[in-house]
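Right, one structure below, let's go through it.
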Amino acid sequence: MTRRRTLSSCLALAAVAATPCPARAQEPAGGISYEPAPPALDGVTAGVLLSRRSELLGRRLTFKGTLEERFAGRTVVLQRRLPEGGWVELARTVADASAAFRTGWRTDRIGRLDVRALPIAADGAPSPATAPRRITVYRPARATFFGPGLYGRQTACGQTLTPRLAGVAHRTLPCGTLVDLLYAGRTATVPVVDRGPFRAGHSWDLTAATARELGFTTSDTIGAVRVRDEPPVSP
């Protein structure tokens, strides 16, 4: 209650006297509050960040890396780039005596995402971050595949279905929309080429060529996410 009254009083004072309130600590998932990390130092990198490139929504994705020796024992902040610019905190850990670190994030959004690690300098001054790591988070969905017995027919998107036609069928996405797919560790990016599937409980229908590329042989759960226009990876 004391914290709430203090914040309310500060906001009231700010409204009357244009006095800025102090920055509130960030509150990442898990309910732990941290002071905001200092900005990263542009133009240089602090080390290397590694992880799997692909993961399903809701799964824990592990990140590990190695920083410059001067960051041994320092706090390391894992951050995700925001679409509108800037970075949001995902997790914190502490680098060991060799400046290596390991942490994780339970994925809570889909798409192609940039993640970096930012070590916090002893004096709190801006420090370099690792180069962004591009990952793709997929939404789990049921899928099947089609092709045999239908070759030679026109798809709803005006293409001739052949054993070599790569693509997916979807009920509503516009024809030609690119979709990232994940199955059993394999990935593919293919366009929407047809309408479907017409099997209850399924969201995607893979052409035979796409199924072969993914090693997909039966009805199963895949990862899928629409590809959207995004800026290139940059520090």
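A few comments on the model shown:
- Overall, the anisotropy analysis places the stretch 73-128 in the oblate class: the square-rooted eigenvalues a ≥ b ≥ c of its C-alpha gyration tensor yield a/c not less than 1.5, with a/b not exceeding b/c.
- Along the axis of the charge dipole computed for the stretch 26-131 (Cβ charges of +1 for Lys and Arg, -1 for Asp and Glu, origin at the Cα centre), the listed residues 127, 110, 90 are led at the positive end by 110.
- Only the Cβ atoms of Lys and Arg (+1) and of Asp and Glu (-1) were treated as charged; on that basis the dipole of the stretch 88-235 about its Cα centre amounts to roughly 400 debye.
- Among 70-80, 194-204, sorting by the average number of other beta carbon atoms lying within 10 angstrom of each residue, highest first, gives 70-80, 194-204.
- With R₀ fixed at 22 Å, the C-beta to C-beta distance from residue 228 to residue 52 puts the FRET efficiency at about 0.55.
- The overall shape of the stretch 139-226, judged from the alpha-carbon gyration tensor, is rounded, with an a/c ratio under 1.5.
- Amide N of the stretch 45-70 lying under 15 Å from the label point, which is placed 7 angstrom from the Cα of residue 125 along Cα→Cβ: 70
- Protection-proxy order for peptides 124-136, 41-53, each taking the mean of Cβ atoms within 10 Å per residue, highest first: 124-136, 41-53
- Förster-model FRET efficiency, 30 Å R0, residue 172 and residue 218, C-beta, rounded to 0.05: 0.75
- Three-way shape label, the stretch 77-204, alpha-carbon gyration tensor, a/c 1.5: prolate
- Here the gap between residue 41 and residue 98, fully extended at 0.36 nm per residue and compared with their Cα-Cα distance, gives a gain of 18.3 nm.
- Annotation: peptides 112-121, 147-156, ranked by per-residue average of other Cβ atoms within 10 Å with the highest first, follow the order 112-121, 147-156.
- Ratio of Rg to Rh for the stretch 26-131: 0.94 [Cα atoms; Kirkwood radius as inverse mean 1/r over pairs].
Every number in this text was worked out from the coordinates using simple rules, so none of it is lab data. All figures in this text were calculated on a predicted structure; none of them were measured in a lab. A quick note on method: Cβ atoms are made from the backbone with ideal geometry, for glycine too, and the neighbour counts reach across all protein chains shown.
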